[in-house]
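Q: Structure below; questions to follow.
What follows draws every value from the coordinates through simple rules; no lab data is involved. Model, not experiment: these values are computed from the prediction. Glycine gets a Cβ as well: all are built from the backbone with ideal geometry, and neighbour counts include every protein chain shown.
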Amino acid sequence: MNEFRSGFVTFVGRPNVGKSTLTNALVGEKIAITSSKPQTTRRAIRGIVNTEAAQIILVDTPGLHRPRTLLGQRLNHLVENTLGQVDVIGLCIPANEKIGPGDAFINEQIGEYRRSKLIVLVTKSETVSRDALAKQLVAVSELREWAAIIPVSAVSGEQLEELKEVLGSLLPASQALYPTDMATEETLEERICELIREASLEDSREELPHSLAVTIDEMGKREDSNIFDIHANLWVERDSQKAIIIGKGGSRLKQIGSEARVEIEKLLGHKVMLRIHVKVAPDWQRDPKQLGRLGM
């Protein structure tokens, strides 16, 4: 009988290659927010996948990038620290994009982490023809010798079960490291903050995504009611950004609240009354004290 296996896996790649979407698909629920904006992920979020043969702990991390702020430096340090400790690193390269300098740079970087087994995932496989997918598989095989090469689609679910099997087989023999009914070690408050930030990211101007942070003042279920009250703060760095987030007559903030509430209600299974206040913390990305207060 094969030994049970358990360990840590992280996916790396350029922005918008589907890392967080793939993590969510494998876990079976939304534990990492997704966005087309770079550096959406700010923490090492752990999602737990249980199979009969293995427990796979997926660590969703920020992307490696050239830092311009103290926050950026901390995010890079977090990624490097994570890469040095995981058992498997999966480089994600989309099926519908040519391999570029960014992919080559990350491929070179992960080669420095000797303890990890390296695999490559050709994501978004549903977006191309079989012939185009075959060509991309050949192209990624020429980057280095991989422990596995797997085409996968988080949208259609194609090859997800096969990916779980491969990841499990590459992990060390070990008993389960987390309870088998646990999907993530993220707290409820952290998950709610991220859902509000996700709603704030879309349609925002280029400089704004990095300047957004969310904290919760208080939250809880009302007595004798099925309504869950949440009082949240949405932080920006400048008054001009505050005006953008609020929008004309409060229209943008209302839209953010509406989109976030839908996702939070899915998470909680309760009707939610969400109140968001937009506040300014000047240049918080560069201020160690402000970063600490905002949980970074």
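Q: Of the cross-linked pairs LYS98/LYS124; LYS254/LYS279; LYS242/LYS289; LYS248/LYS271, which ones have a Cα-Cα span greater than 23 Å in the structure shown? Before the final figure, lay out each step's value.
A: Numbers: LYS98/LYS124 13 Å; LYS254/LYS279 15 Å; LYS242/LYS289 21 Å; LYS248/LYS271 27 Å.
Pairs exceeding the cut-off: LYS248/LYS271.
Q: If you don't mind, there's one more thing I want to ask. log10 I(q)/I(0), Debye, Cα-only segment 77-157, no solvent, q = 0.16, 0.17, 0.24, 0.27 Å⁻¹?
A: -0.61, -0.68, -1.16, -1.32
Q: Kindly write out, for segment 94-101 in residue order, the coupling ³J(HN,Hα) from the Karplus curve 6.51 cos²θ - 1.76 cosθ + 1.60 (θ = phi - 60°), rounded to whole Hz, with x marking Gly and Pro.
A: So the Karplus estimates, Gly and Pro as x, are x, 5, 9, 9, 5, 5, x, x Hz.
Q: Sorted by mean Cβ packing within 10 Å, highest first, what order do the peptides 14-26, 118-130 take? Before the final figure, lay out the partial values.
A: Values: 14-26: 22.0, 118-130: 20.1.
Per-residue mean Cβ counts within 10 Å order the peptides as 14-26, 118-130.
Q: On to the next question. If you plug each phi of segment 109-120 into the Karplus form 6.51 cos²θ - 1.76 cosθ + 1.60 with θ = phi - 60°, what whole-Hz ³J(HN,Hα) values come out, in order, with x for Gly and Pro?
A: Once θ is set to phi - 60°, the couplings for segment 109-120 become 4, 5, x, 7, 9, 5, 6, 8, 7, 10, 10, 10 Hz.
Q: Please compute the net charge surrounding ASN2, taking Lys and Arg as +1 and Asp and Glu as -1 over other residues with Cβ under 14 Å from its Cβ.
A: Numbers: positive: ARG5; negative: GLU3, GLU52, GLU165.
Cβ neighbours under 14 Å give a net charge of -2.
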